[in-house]
Structures are given as C-alpha cells and as structure tokens.
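Chemist: Please find one structure pasted underneath; my questions will follow.
The values are calculated or read from the model by the stated rules, or taken from the named source; none is laboratory data. The model shown is predicted, which means the values in this text are computed figures rather than measured ones. So basically every Cβ, Gly included, is an ideal-geometry build from the backbone, and we count neighbours across all protein chains shown.
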Amino acid sequence: MNVLEVENISKHYRQGGTRIEAVRSVSLTVREGEVLAFLGPNGAGKTTTIKMIAGLIEPHTGQVGIAGINPHRHPQALRKVGAVLEGNRNLYWRLTPEENLAYFGVLKGLTRSQAKRRAATLLERFELTEKRKTAVQNLSRGMQQKLAIATAIIHDPLLLLLDEPTLGLDVEATQTVKALIREIAQEGRAILLTTHQLDIAEELSDRVAIIQKGEIVAQAPTQELIRQFSGTHYVIEIEGELTFEQRETLAAIEATIESDRVVSIRGTEALYQALGILKPLPLVRVKRDQSSLTEIFLKLVRNEV
Ligand SMILES: Nc1ncnc2c1ncn2[C@@H]1O[C@H](COP(=O)(O)OP(=O)(O)OP(=O)(O)O)[C@@H](O)[C@H]1O
Ligand SMILES: [Mg+2]
C-alpha cells in the first residue's frame, strides 16, 4: 500500500521582483515499510517538498495523499505523519525528554496516560532513560537527534519524514540513528529521508528520488539504479606472481594489470577467460566494479547522462 502519494505538487516563492520555482510538478510515492531517499543539491526543493507533505505550507498546484487522505483538506490525516524537520525544530529545548514526549503525545491525540506509557517505552528503546529528566538543551547533539525521532513517532505514525537526520552527528551517533531508521521502517512505517550523506542513502534506502532545481530527475529502486549505472567491469585480485606468459595472454584479451595483484577486465566472457589464464594462482577476490550512489548522483545532477 502507498502510504504517501504526492501528485504534481508545485510551489513558488516571490523574492523582490523575481519568482523562484522552488518545486515544479513533483510526484512521489512511498509504500509501507519502504525508505525513500529524497536527494538533491542545496536549494533543490527538498525541504519545501517535505513541508508541503507535512501540511506546513500549501502547494500551489497538485496534491498530497497520506493513506489516501489529503492533509490540506483534511488535517486529521496529519495524525498519521511524524516529522523531524531541519534543525530539531520539533523539540522544546527547556523541557526534558520525558516532558517533550508527553507534550507532543497529547498534542498528537494520545491521552495523558497513553503518552506517558509510550514515552517510557521510547526512552528505553532510544537509550535515553537516564537522561529523561535533563533539559534538552543540555543533551548532546546525538541524544537530541534521537529524541527528535522518538518524538516524531510518539503517536505511532504510518509516515515518517526525516530531513537530514544525521546532520552534525559523530560516527557512532550516525550509526545509532541509521539503525533506528532501519528498525522504524521494519515496523512497517513509510520513511521519506533527505540526506547529503549519500553513503547513508545507499545503505538505508529501498528507492531513491533525485530532485534538481525543483524537478525530479530520477526515481528508481536504489539497487536497480546502481545496476543500471554499473558496467560489466570486473576486478580480480590475486596472490602470487604473474608469469610473463600470463601477462601477454591477459593483454591479448584487453585485461588491464593495475598492479601485480589486481587485474581488471570488461565483460563477463573476458572475465572467465582471464580466470582461466590466472589458474592456478590463488584468488583473493573477484568483484564487479559498481558505481556508488555518489557517482550516479553527480552524473545526474551534472547532466552527464
Ligand atoms: N520561505 C522562502 N522564501 C523564499 N524562497 C524560499 C523560501 N524557502 C525556500 N526558498 C527557496 O526555494 C528553493 C528550494 O529551497 P529548499 O529549502 O526546499 O531546498 P533544499 O533542497 O531543502 O536545500 P538544502 O539541501 O540546502 O536543505 C531555494 O531556492 C530557496 O532559496
Ligand atoms: Mg533542506
């Protein structure tokens, strides 16, 4: 089931005399349990799109559907949405984690006792129980970010919007937040995630949508996109010395000997020929040389495809 359906939404801003087309006819879907990485350079329109989905700003054209309901016409649809926007704006800095969770729980329609119970569970799960009575402003950035995510799911939403959830986190906190995102998706929630850390997007997402200057330029399953951009280039790593004869025969099938230990070759047929030539040298690994999401992203936004 599509938890989120965005159809042709557009938004422009006026600044002085000029009109900025922030988002142009963007369409997106996210299914339950799916992580969609929503990627694009600075100023591409990601946050504007997320704000329209979260019901914070109204699109000029098009519509948003959350579990089939338009939040701009029926705000109760927003009960199914949780969001962590840029810069932790979903927390009160003078309140403690416990108070934030209880406050936002009630705001999102839980009773006081439901909110308290759920807060205790989330504090435990996000390893914040010890800090439950410390004002948010005195927590570390990683703890604040975990709390922001916990607060966004206090009311058990179907859709979670995360705008740069790992910004400014250290290596360990990034790992923790990544694991939490994965877990939250496994619970069946749909997640829309923006990040400039493309390795994280590659690791976490089932699909990617790339936006540039307000327009979607690619939308595909992550692995499919990577396959599509990866040629049939293989790298063979070996142990031991290549003989003169092996070098000559490898050159004849257009293999490149990159160092004494690494041979690279194009095409599956040539790969098997090369393996025959290398026999009986021990193999360390044979690997298909894949494009990374970073390379693909750069090609797409530089218009090289
Ligand atoms: N309130 C506003 N008034 C005028 N222009 C705006 C406003 N908000 C956004 N914009 C413009 O809309 C465009 C898209 O901005 P947006 O914040 O959606 O980009 P983004 O993809 O989130 O970028 P980043 O990666 O830097 O967060 C930019 O040109 C931005 O300057
Ligand atoms: Mg942004």
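Chemist: Which strands (runs of 3 or more DSSP E) sit wholly inside region 7-66 and have at least 1 residues that are at pLDDT 95 or above and within 16 Å of ligand 2 (Cβ to nearest atom)?
Modeler: Working: elements: 18-31, 35-39, 61-66.
Of the strands (runs of 3 or more DSSP E) lying wholly inside region 7-66, those with at least 1 residues that are at pLDDT 95 or above and within 16 Å of ligand 2 (Cβ to nearest atom) span 18-31, 35-39.
Chemist: Further, regarding this structure: What are the residues in region 40-68 that are more than 8 Å from ligand 1 (Cβ to nearest atom) and within 17 Å of L160 (Cβ to Cβ), if any?
Modeler: M52, I53, A54, G55, L56, V64, G65, I66, A67
Chemist: Hey, another quick one. When only residues in region 83-102 that are free of Cβ contacts under 8 Å to residues at least 12 places away in the same chain and in a helix (DSSP H, G or I) count, which is surrounded by the most Cβ atoms within 10 Å (Cβ to Cβ)? Break it down into steps so the answer makes sense when it comes.
Modeler: Initially, region 83-102 is screened for residues free of Cβ contacts under 8 Å to residues at least 12 places away in the same chain, giving 87, 89, 99.
So of that shortlist, the ones also in a helix (DSSP H, G or I) come out as 87, 99.
On the way: G87: 11, E99: 16.
Filtering region 83-102 for residues that are free of Cβ contacts under 8 Å to residues at least 12 places away in the same chain and in a helix (DSSP H, G or I), the one surrounded by the most Cβ atoms within 10 Å (Cβ to Cβ) comes out as E99.
Chemist: List the number of the failed condition for L161; all other conditions in (1) away from ligand 1 (no atom under 16 Å from the Cβ); (2) modelled with pLDDT of 95 or more hold.
Modeler: Evaluating L161 over (1) away from ligand 1 (no atom under 16 Å from the Cβ); (2) modelled with pLDDT of 95 or more leaves (1) as the failure.
Chemist: Can you name the residue in region 189-203 that is touching a Lys or Arg at 6+ places or on another chain (Cβ under 8 Å) and within 21 Å of S291 (Cα to Cα) and is also nearest to ligand 2 (Cβ to nearest atom) among such residues?
Modeler: T194
Chemist: Could you check, for region 2-23, whether at least one of its residues is within 26 Å of A150 (Cα to Cα), in contact with a Phe, Trp or Tyr (Cβ under 8 Å, 6 or more places away or on another chain) and not aliphatic (A, V, I, L, M)?
Modeler: No, the conditions are met nowhere in region 2-23.
Chemist: Consider only pairs whose beta carbons are under 7 Å apart and that are at least six residues apart or on different chains; among these, list those whose first residue lies in region 45-61 and is of a type in the set (G, A, S) and whose second residue is assigned to a helix (DSSP H, G or I) and away from ligand 1 (no atom under 13 Å from the Cβ).
Modeler: If the second residue must be assigned to a helix (DSSP H, G or I) and away from ligand 1 (no atom under 13 Å from the Cβ), the pairs left are G55/P75; G55/L78.
Chemist: Can you tell me which residue within region 107-157, out of those that are aliphatic (A, V, I, L, M) and outside any helix (DSSP H, G or I), is surrounded by the fewest Cβ atoms within 10 Å (Cβ to Cβ)?
Modeler: Out of the qualifying residues, it is A135.
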